Amino acid sequence: MARAKKFQLGKNYIFLTVIGLISLGGFSFLHLGSSQKFPQLSEFPVENYLEKNGIIEREDFRLEGKVENILLRSDNSNTFLVSIKPTNFNYLLPVILTSQKKSIQREQILVMKVHADSSEVIKCDDYDLK
Amino acid sequence: MERLRIAEETAKAERDEIDFQKQVATIQKKLAEASATSIIPESLPTDFRSFLSANAGDIEKSAEYYAELKTVLNDLVPNSPYKARTTSDSSSPLRASEKLAKLSSYPEDNDISRIISGHISSLTGGRVDDQRRQLEINKELQRLAAERKRLEWNLKMSYSPNLVDGRTSSTEDERNFIRQQIEDVKAEAQRYEDEKKSLSHLITTETRKLQFQQFIVELALQQRYIHALISCGFYRSSFKGGDLNLNKDSYPSGRPAQGTGNENTPSVPSTGGAPTQLPVISTITGMEAFLQSRIRDAIQERESIDNMLRENQLGAAESLLRKMVLTAKYQPELQTIPFQSRQSILQSGRKLRQISDAVNAKDYDEILKLVDSIEANEPFAGMADLKSFANEHPRKALHWARQAELAMKAGDKKTMSSLMDIAIRRAPLNQEVAQKIQSIQENAQINNELLEELKRIVSAGDYRISFERMNEFAPLVQSSNTDPKLKDAYEQLIESEKALRVAIEKTDSLENKGLMPEAWIELNALPQPITNDARVLERKNRISAECPKFIKAYHKAINYEHENQPAKALAWYLNALVESPSNNAITSKVNLLGGGILKK
């Protein structure tokens, strides 16, 4: 009987361990997957943009930053003009983004795929919460 | 409106100028009528002027002579004007004849009494020392011939032109005076010639009568009425019941006009208004009546003059005196007028002349002074119109001067000049008018200088000085004569300075509250001419040290906005807003630019 108890404990332990491992793997997958959002894109050249040193028009960039303020929203309430404070920079950038299933709020940190249009307006094509 | 009113004033001033000239002419005419001596002395008989100014001399001695003369007349003529009216006849030709001899010793007599005595002696057949008298007469004739020569030379020389200026040295009056003296000398010489002839025993009684008659007429013509009347008395007593008709040769009836008759006929001055010629008289009795009336007139006129002098009616006295000098030259009534009285008359005339001069010179103060002085002596002199004339025109002149000042302020230089001219012509010696005119001229000069100064300041665009000297320039700028372009430019400068001052005031207030970005924006919003003003730059320097990040962001934003890059401009405005979170200007810019971007 003692052996059976030991075995039961061992099975539970294994089960819990597996569950834990699976959970850890899923979490790690999720975590690594998000930090690696738009990994193929180069970082948005914040200073170049502000100082007019030229960026490639229509080229996509990765921009990560905190939503400092939601400045304006369009009539259909889907498109927002937000001010983003890029991570590691002490500047604010105006970005136009269209709300997806994830709602936009102040203080959120977003990872965005952006490009500058012909008027050098920064437009966000896709984003994810960090 | 103001210019229209000034134009009306100018027209009024010009009309008034014509009225003024008429008024002056009327006053001058009145003054001339009041005293001929005062206005045109040159045209008056020399005798009158010399009589007025003659020394008092020996009036007492003259009075003694005239008293003797009157007693001779009273002894001869029963109805003598100098004789008290009595029923008894106290006449005595013999006594008169004796007294006549004494009269010759007086210089006033001019030897006439002695000539009368000579005639009487001739008529009565009395012997005279002919030889001695003949010598004396010859001597006198020589003296008179020399005198005549001298006078004729003087007359001739009076026509000679002056070597320096080519003008003759004498006036026509002076030449007339010399001619009169020549005539007098001729008449006197003629008398001596006649007397010389009478000395001859060859002369008949008829001739002597004729000579005596002629002598009587000559005396009458010379206005020696008393001597003539005395001669008539002697003539009458010499021919009692005899021939009293005047001989045609001695006194031709209806003789031709003066100047065309006999050279030896004594002439009398023709100047003046009173009758001086002898009327047609055919008998000694007629002559006596004429002489008595002349003497009575002279007595009456003298009484009138005395009364007038007592009442200080100097103008009237002067007029009557002038008549007497023309009609009763040798009458004792005229010759014994005291020096003091004559001088009073002369002074009165002089005052009128001075008034006339003052009217011509438009010296109104002097007119008032002289009028007061005359009225002090003659309360009823009738000077009210002169007083009102002298009071009215300085006031008018001052009025025109004030109108000129208004014209100057309205910028109407032509009218100003015209009105000033009228004012100065109206009262050239008035101090108040002169000061006013001087002040206008100085102000006009200052205005010219101020206009030049304004042009210079406007041209330099000096808005600060324009504003600080606004009080000085305002009247000039408001003037309708100022160039509208200059006016507009000046007003723009004033507006710039006002905007600057408002901005500075606002900036200082924001700075005091610590709102540096707002202060910066306020200064930065100023337009170009004043944004570089020292007062602005000084504040900008101070503020820029306080908020450099904001200024950088703000300037970047502005530049991008100018380059039509709204996204980048918005980015920088957002960064500026971080430095100045409650800045309305930046917020509105963000909203404006963001809205534009979002709509695209």
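The values are calculated or read from the model by the stated rules, or taken from the named source; none is laboratory data. Everything numeric here is computed off the predicted structure, so don't read it as measured data. We place every Cβ from the backbone using ideal geometry, glycine too, and count neighbours over all the protein chains shown.
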Filter the range B:541-553 down to the residues that are away from chain A (no Cβ under 14 Å) and buried (at least 19 other Cβ atoms within 10 Å of the Cβ) and list them by number. B:I543, B:C547, B:I551
Of the numbered conditions (1) within 23 Å of B:K600 (Cα to Cα); (2) facing another protein chain (nearest Cβ under 9 Å); (3) touching a Leu at 6+ places or on another chain (Cβ under 9 Å), A:K113 fails exactly one; give the number of that condition. (2)
Filter the range B:1-26 down to the residues that are β-branched (V, I, T) and at pLDDT 85 or above, then identify the one that is surrounded by the most Cβ atoms within 10 Å (Cβ to Cβ). B:V24
Is it the case that B:A519 is surrounded by 17 or more Cβ atoms within 10 Å (Cβ to Cβ), under 60 Å from the mean Cα position of the chain (by Cα) and more than 14 Å from chain A (Cβ to nearest Cβ)? no
Say whether the condition of being among the aliphatic types (A, V, I, L, M), within 10 Å of chain A (Cβ to nearest Cβ) and touching a strand residue (DSSP E or B) at 6+ places or on another chain (Cβ under 6 Å) is met by at least one residue in the range B:555-570. yes
Pick out the one residue from B:K436, B:K506, B:K498, B:K487 that is touching a residue at least 24 places away in the same chain (Cβ under 8 Å), surrounded by 14 or more Cβ atoms within 10 Å (Cβ to Cβ) and assigned to a helix (DSSP H, G or I). B:K436
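For (1) within 18 Å of B:N532 (Cα to Cα); (2) assigned to a helix (DSSP H, G or I), each residue gets a yes or a no:
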{"residue": "B:L451", "(1), (2)": "no, yes"}
{"residue": "B:K455", "(1), (2)": "no, yes"}
{"residue": "B:R464", "(1), (2)": "yes, yes"}
{"residue": "B:E472", "(1), (2)": "no, yes"}
{"residue": "B:V477", "(1), (2)": "no, yes"}
{"residue": "B:T482", "(1), (2)": "no, no"}
{"residue": "B:I494", "(1), (2)": "yes, yes"}
Residue by residue through the range A:82-110, note down the ones that are within 11 Å of chain B (Cβ to nearest Cβ), out of contact with any Asp or Glu (no Cβ under 9 Å at 6 or more places or on another chain) and without any contact (Cβ under 8 Å) to a residue 24 or more places away in the chain. A:N90
For the range A:116-128: of the residues being at pLDDT below 90 and more than 13 Å from A:R62 (Cα to Cα), which is farthest from the other protein chains (Cβ to nearest Cβ)? A:S118
Output the number of residues of the range B:572-592 satisfying the condition of being within 13 Å of another protein chain (Cβ to nearest Cβ) and not in a helix (DSSP H, G or I). 1
What number goes with the only condition from (1) modelled with pLDDT of 90 or more; (2) within 13 Å of chain B (Cβ to nearest Cβ) that A:E47 does not pass? (1)
Tell me which helices (runs of 4 or more DSSP H) are completely within the range B:307-393 and hold 1 or more residues being basic (K, R) and either touching a residue at least 12 places away in the same chain (Cβ under 8 Å) or buried (at least 21 other Cβ atoms within 10 Å of the Cβ) (or both), or say none if there are none. B:314-327, B:339-361
When residues of the range A:64-81 are limited to those that are part of a loop (DSSP other than H, G, I, E, B) and at the interface with chain B (Cβ under 10 Å from one of its Cβ atoms), the one surrounded by the fewest Cβ atoms within 10 Å (Cβ to Cβ): A:D75
Restricting to the range B:536-571, count the residues that are in contact with a helix residue (DSSP H, G or I) (Cβ under 7 Å, 6 or more places away or on another chain) and either closer than 23 Å to B:G514 by Cβ or outside any helix (DSSP H, G or I) (or both). 13
Quick one: would you say B:E172 is within 27 Å of B:R148 (Cα to Cα), crowded, with 18+ Cβ neighbours inside 10 Å and modelled with pLDDT of 75 or more? no
